[in-house]
Structure formats: C-alpha cells, structure tokens
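Asker: Can you keep this structure in mind? I'll have questions shortly.
Each value in this text was obtained by applying a stated rule to the coordinates, not by laboratory testing. All values reported here derive from a predicted model rather than from experimental measurement. Don't worry about glycine lacking a Cβ; one is built from the backbone with ideal geometry, like all the others, and counts go over all protein chains shown.
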C-alpha cells in the first residue's frame, strides 16, 4: 500500500485517540491545547501542540509509530470498548495500520 495512504490512516487514528483522551508518554497531560499530528519518515510520529498565543508556547515530541499503536493506552482511547480484543487482532495482522483503517470513519 502507498506510504501516503498509510500515513493518512495513522494520522487519523492518532487524532481519534487523542480526542478520546490519549496522551502519549512524556506528553504534558495537564496542558490543554490544540494538537497537530504529523507523521514523519521511518515510522516516526511527530506530535506538535500549541498551547498559547505566543509563538514560543509550543511543544514537539517524536514517537515510534508502532510503539504508540500497540500501547494499551492508545488502544483504550482508540477503541474504548473491546480494546483488548482489537489489540490482539492487530498483533496478528501483516499490516497493523491497515487494521486501524477499519475503524476510522
């Protein structure tokens, strides 16, 4: 599958999980702000957040995409109900990102 499509699926999945309360490791959960998810080369996710009106009020963190999507915290936020079942199924898939695409509307 084309890299651009996989990137779009992954981006939508992470945005959905964040909207449902997911906060990646080392992310400042207490800071409220607008998140922008940018998926980068080599399976890395770049999360950008602006939390103020000043250009200096921003934060960028990088994460391994597979470490994120296979984490319990992500799965709980993405699926909410039945997350353990879906996480187990995703492990068995040849391309776990395609498995996520079944649940993005």
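Asker: Hey, can you rank 63-76, 87-100 by average C-beta count inside 10 Å, highest first?
Answerer: 63-76, 87-100
Asker: Now a separate question. Assuming 0.36 nm per residue, please report the length gained on full extension of the stretch residue 92 to residue 80 beyond their Cα-Cα distance.
Answerer: Numbers: separation 12, 0.36 × 12 = 4.32 nm, distance 1.99 nm.
Full extension of this stretch gives 2.3 nm more.
Asker: Nearest 0.05, what FRET efficiency do residue 105 and residue 46 give at R0 = 35 Å with Cβ-Cβ as r? Before the final figure, lay out the partial values.
Answerer: Values: r = 24 Å, r/R0 = 0.69.
Efficiency, from the Cβ-Cβ distance: 0.90.
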